[in-house]
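Asks: Would you mind keeping the following structure in view while I ask a few things?
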Amino acid sequence: MYTHKSNLILSDLLMTNKATEYFKLLKFRLSFVVAFSSAIGFILGRLETSYLNVALVFVAGLLVTGAANIINQILEKDLDKMMKRTSKRPIPTGHLSVTEAIIFGAIIGLTGLSILWFVFNPLSAALSLLSLILYGFVYTPMKRISPICVFIGAIPGGLPPLIGWAAATGVLGVEAWILFGIQFIWQFPHFWAIAWVLDDDYKKAGFKMLPMSGGKNLKTAIQIMIYTLVLIPLSLLPLQFGMTGATSALVAVVCGVLFLAQTFYLMRTCSKKAAMNIMFGSFLYLPIVQIAFVLDKV
C-alpha cells in the first residue's frame, strides 16, 4: 500500500517537473511582452471589442511566439550549453528531448495560427507565420554569421502590434505600419544593450550581436543613441494620424527623452552598468508608451 502511494507521489512529481520544463521552453516573459504588443495593436485597431477577442489575440501571440522560441532553442541546443545564461534550459540539460520540444512547439504553434486564421482572418495568421519563420529559421542561424542579425531579428520583433492591428481590421493601413515602425526601431537599442551586457557570454557561442563597427565602444554607443533619438519623432506619428491624442504623445516624448538620456551616459562611460540601465529602460519604455496609446483612445 505504501509502495503504491509512493509511486503515485513520484509519478505526480515527475509530471509536475515535466510541465515546468515545457513551460520554460516558452520563454514566458519574452513571449508575454510579444503577446502584449499584439493585444495593444488589436485594441488600437478595434476599440469596440470584447475582452474575449483581446484574450484570444493575446493567447495566439503567446503560443506562436512560444513556438518560435522553441525553434530557437532546438537549433541552438549545443550553443546554449556554452553560455552560463542558457546552460540550464530544458534541452541542454536533457530534461526534455529534441523530439518532445518539436512536438510541443508544433502543437502550440499550429494552435496559435489556427486561432488567428479561424477567429480573426488569414492575414494575421500569415503575418504570424512569417514572423515565426524569420525569427526561428533566419535570425537564429544568422546570429553566428553577421551583426545584421539584429536588423533581421527586429522585423519579427516589430511585427506583433502590426499583427494585432491586422487581426482587428483585416488590412494593413498606415496606422499598422506606424505601430510596426515604433517597435522595429525600439528593437535596436534594446537588442544592443542586451548584447553589450551579455557580450562575454555571447562570445562563447560565437554570436555576433553588436555592430560591425565594433563591439563595446563609443561607435556602438552612438548607434544606440541615434536609434533611441529616432523613437521620439516616430512616437508622435500616432497623434499626427489621429490614432491617439495629445496626452499619450506627451507621455511618449517624456519617455523617449528619459530613454535617450540613458544613452548619453553610455556614450560617456561605455560601461556595462550604463548598458544595463538602457536594457531595463527599454523594458519600461515600450509597455508604458503602448498603454498610454490605448488609454488615450478609450
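Asks: For every helix of n ≥ 4 consecutive DSSP H residues, a contribution of -39,500 (n - 2.57) applies; sum these over the chain, divide by its total residues, and give [θ] at 222 nm rounded to the nearest 500 deg cm²/dmol. Display every interim value, and only then the final one.
Replies: Numbers: 14 runs with 227 residues, N = 298.
Helix-only estimate at 222 nm: -25500 deg cm²/dmol.
Asks: Quick check on packing: order 290-297, 144-151, 275-282 by the mean number of other C-beta atoms within 10 Å, highest mean leading.
Replies: The packing order, highest mean first, is 275-282, 290-297, 144-151.
Asks: State the Cα centre-to-centre distance between the range 21-72 and the range 145-216 in whole Å.
Replies: 17
Asks: Further, regarding this structure: Taking θ = phi - 60°, what integer Hz values does the Karplus form 6.51 cos²θ - 1.76 cosθ + 1.60 yield along the range 266-276, in sequence order, with x for Gly and Pro?
Replies: 5, 4, 6, 10, 6, 9, 5, 4, 5, 5, 5
Asks: Would you mind checking which residues have amide H under 5 Å from THR49's amide H? H placed 1.01 Å from N; only 5 or more apart, or other chain.
Replies: none
Asks: About its Cα centre, what dipole magnitude does the range 174-298 give when the only charges are +1 on Lys and Arg Cβ and -1 on Asp and Glu Cβ, stated in debye to the nearest 20?
Replies: The dipole magnitude comes to about 460 debye.
Asks: While we're looking at this one, here's another question. Do me a favour and compute the ellipsoid semi-axes for the range 20-108 from its Cα gyration tensor, root of five times each eigenvalue, largest one first, whole Å. Please list the in-between numbers first.
Replies: On the way: eigenvalues 182, 31, 16 Å².
For the range 20-108, the semi-axes come out at 30, 12, 9 Å.
Asks: Using the beta-carbon distance between LEU52 and PHE23 and R0 = 30 Å, what value does 1/(1 + (r/R0)^6) give for FRET efficiency, to the nearest 0.05?
Replies: Working: r = 24 Å, r/R0 = 0.80.
Efficiency at R0 = 30 Å is approximately 0.80.
Asks: Sticking with this structure for a sec: Put +1 on the Cβ of every Lys and Arg and -1 on every Asp and Glu Cβ in the range 174-298; which of TYR202, THR244, SER282 then has its Cα farthest towards the positive end of the dipole?
Replies: Positive-most Cα among the choices belongs to TYR202.
Asks: Going by average Cβ density within 10 Å per residue, which order do the peptides 118-128, 85-95 take, highest to lowest?
Replies: With the highest mean Cβ count within 10 Å placed first, the list reads 118-128, 85-95.
Asks: Rounded to the nearest 0.05, what FRET efficiency do SER87 and ILE222 have when you use their Cβ-Cβ distance and R0 = 30 Å?
Replies: 0.35
Asks: Rg and Dmax of the chain, Cα atoms, in Å?
Replies: 20.4, 73
Asks: Calculate the dipole size of the range 1-172 relative to its Cα centre from +1 charges on Lys and Arg beta carbons and -1 charges on Asp and Glu beta carbons; express the result in debye to the nearest 20.
Replies: On the way: 14 positive and 7 negative charges, 110 e Å.
The calculation lands at about 520 debye.
Asks: Then there's this: For the chain, what is the charge dipole size about the Cα centre, in debye to the nearest 20, if Lys and Arg each add +1 at the Cβ and Asp and Glu each add -1 at the Cβ?
Replies: Magnitude of the dipole: close to 940 debye.
Rule-based calculations on the coordinates, nothing more; no lab input. On a predicted model such as this, the values are computed, not experimentally measured, just so you know. Every residue, glycine among them, receives a Cβ derived from its backbone with ideal geometry; neighbour counts consider all protein chains shown.
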